[in-house]
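Some notes on the structure that comes next.
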Amino acid sequence: AVPDPLTPTAAIRSIPEGAQILEARDIKVDFSGHQVLNGVSLAVNRGEVIAIIGPSGSGKSTFLRCFNLLQSPSAGHLTIGDTEVFSGSSSNIRSRDLLLLRRKVGMCFQSFNLFPHLTALENVVLAQVRALGRSKRDARTRGMQLLDRVGLSDRADMKPSQLSGGQQQRVAIARALALDPEIMLFDEPTSALDPELGVEVLAVMRELADEGMTMIIVTHEMHFAEDVADRVIFMADGNIVEEGTPKKVIRNPEHARTRKFLSAVI
Ligand code: ADP
Ligand code: MG
């Protein structure tokens, strides 16, 4: 195995199932004076699957991107394991912490963002070599394992343009997993896909959840959220309006705003 120079990594790896692994506290984001997150907090436990739902423009993507500091909050705190990696303002982020976050918190986007000139396998290999310093040979071995895991070992040598959208998204998931993340973020991973292709992506995500991966998923797939999430977060206008079990939030929402949203999407 590759030696890990980042001490907090070991601390994260040893967090037991059910103990807190990630916490965002009082996160605010404004874009040129327009506040799109109004002080949002979420603590996530190891092994938990969280679905974030809500209308378009409510701040779901912005909030998700704060978890790996792809978006710098204008205020708030972010803690991974027992390391506070962000506090108050972005000028406080240490590069070591940023590296830790990007490696330990993997992400998949709505648009798969694969390199078009590389094959599926090369896409999965590249980050391992660059970010982890793995040898090409080890990275290929790991890459093939992961392509197999997402059901694509027979597509390893194909370019993204030769793959369906669902297959491309599964390559993107394999690529994220290749960095051995402890937490996975998904931002509407199926919304660019035809429903039947979305199903194969959701199946891979469901397997990951069953294996105990900690996941935060922004999704419009209410059935998936209901089946797979431990906790559902409903956001509107830059706030968390309601949260709880899927049964509570999706089946018996307390707030009128939640009911209005759900009646439009279910
Ligand atoms: P959601 O994912 O729930 O649809 P977003 O987090 O993408 O919502 O956006 C929340 C709000 O922030 C929207 O009003 C959006 O227009 C605005 N916004 C998002 N990203 C930017 C940006 N880079 N610059 C300016 N405004 C942005
Ligand atoms: Mg979004």
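The values are calculated or read from the model by the stated rules, or taken from the named source; none is laboratory data. In this text, all values refer to a predicted model and were calculated from it rather than measured experimentally. When we count neighbours, we look across all protein chains shown, and the Cβ atoms used for this are built from the backbone with ideal geometry, even at glycine. Just so you know, the surface numbers come from the protein's heavy atoms only, side chains and all, with ligands and any DNA or RNA stripped out. Shrake-Rupley method; radii C 1.70, N 1.55, O 1.52, S 1.80 Å.
Observations on the structure shown:
- Other residues with beta-carbon under 14 Å from the beta-carbon of Arg46 carry, at +1 per Lys or Arg and -1 per Asp or Glu, a net charge of -4.
- Long pairs among Lys104/Lys159; Lys60/Lys104; Lys60/Lys260; Lys60/Lys248; Lys104/Lys248; Lys136/Lys159, criterion Cα-Cα beyond 24 Å: Lys104/Lys159; Lys104/Lys248
- Solvent-accessible ranking of Val124, Val129, Val199, largest area first, probe 1.4 Å: Val199, Val129, Val124
- Whole-percent carbon and sulfur share, accessible surface of the chain, 1.4 Å: 48 percent
- Within segment 107-143: backbone nitrogen closer than 19 Å to the Lys159 label point (7 Å, Cα to C-beta): 112-126
- Heavy-atom accessible surface of the chain, averaged per residue, reaches 45 Å², computed with a 1.4 Å probe.
- Take every DSSP beta bridge whose two residues both sit in the chain; close to 60 percent of them are antiparallel.
- At most 10 other Cβ within 10 Å, DSSP loop - GluC sites (Glu not before Pro), segment 176-266: Glu211
- Restricting segment 54-105 to trypsin sites (Lys or Arg not before Pro) that sit in a DSSP loop and have at most 15 other Cβ atoms within 10 Å of their own Cβ leaves Arg94.
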